[in-house]
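These notes are about the structure you will find just below.
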Amino acid sequence: MYHQQASSLHAGQGKPAVPKASLTLKALCNLYLDYQSRQVTVGEIKYPHYYDQLRYLKAFVQQISPDKLVSEIRTVDIQHYRTKLIEDGKAAATINNRLRAVKAVFHWARDNEVIDRGPNLKAVKGMKTKKVERQTFTPR
């Protein structure tokens, strides 16, 4: 692997892509965050959005395992992460934001042919949020 990367770098081709079979969760999230960082640079997304994704994905990677191969991640792993967030007492909106960040990684990876298959993201449901009536002021 070292020689492949070294020859690619010396040829001016940049860092070669990680083979799909050996892609870890941490490496996948780093690829996605590199992409998002470039989106910040060109003004397509705001830095606070990028920073939130960085925090959310770091927590997700730590929960699942940084060295776990992406090909071994199953839908149930993401569902366990969701359950852990609920058990930790996170608000519904927080849980939904964190799940959106995780889902975005896998959608991006599939759309950009980084991975061939991934977990069934439709099976991971967000939390229902309660609609809170905001008090409106009246002339009285």
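Data overview
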item	result
Check on A104, among the aliphatic types (A, V, I, L, M), modelled with pLDDT under 95 and in a helix (DSSP H, G or I)	no
Complete set of residues in the range 44-69 that are outside any strand (DSSP E or B), more than 16 Å from D34 (Cβ to Cβ) and either touching a residue at least 60 places away in the same chain (Cβ under 8 Å) or of a type in the set (A, V, I, L, M, F, W, C) (or both)	A59, F60, I64
Tally, over the range 84-140, of residues that are of a type in the set (V, I, T) and surrounded by 14 or more Cβ atoms within 10 Å (Cβ to Cβ)	7
Test set (1) surrounded by 14 or more Cβ atoms within 10 Å (Cβ to Cβ); (2) out of contact with any strand residue (DSSP E or B) (no Cβ under 8 Å at 6 or more places or on another chain); (3) basic (K, R) - K68 fails condition number	(2)
Sole exception among (1) in contact with a Leu (Cβ under 7 Å, 6 or more places away or on another chain); (2) part of a helix (DSSP H, G or I); (3) farther than 14 Å from C29 by Cα for G126, by number	(2)
Number of positions in the range 41-62 that are over 12 Å from the mean Cα position of the chain (by Cα) and buried (at least 16 other Cβ atoms within 10 Å of the Cβ)	0
Residue selected from the range 1-26 under the condition among the small types (G, A, S) and either touching a helix residue (DSSP H, G or I) at 6+ places or on another chain (Cβ under 8 Å) or not in a helix (DSSP H, G or I) (or both), by the criterion modelled with the highest pLDDT	A21
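Listed here are the residues, each with its yes/no results for (1) without any contact (Cβ under 8 Å) to a residue 40 or more places away in the chain; (2) farther than 21 Å from D52 by Cα; (3) in contact with a strand residue (DSSP E or B) (Cβ under 7 Å, 6 or more places away or on another chain).
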{"position": "T75", "(1), (2), (3)": "no, yes, no"}
{"position": "I78", "(1), (2), (3)": "no, no, no"}
{"position": "I86", "(1), (2), (3)": "no, no, no"}
{"position": "G89", "(1), (2), (3)": "yes, no, no"}
{"position": "I95", "(1), (2), (3)": "yes, no, no"}
{"position": "A104", "(1), (2), (3)": "no, no, no"}
{"position": "H107", "(1), (2), (3)": "yes, no, no"}
{"position": "I115", "(1), (2), (3)": "no, yes, no"}
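The values are calculated or read from the model by the stated rules, or taken from the named source; none is laboratory data. Predicted, not measured: the structure shown is a model, and the values here were computed from it. Every residue, glycine among them, receives a Cβ derived from its backbone with ideal geometry; neighbour counts consider all protein chains shown.
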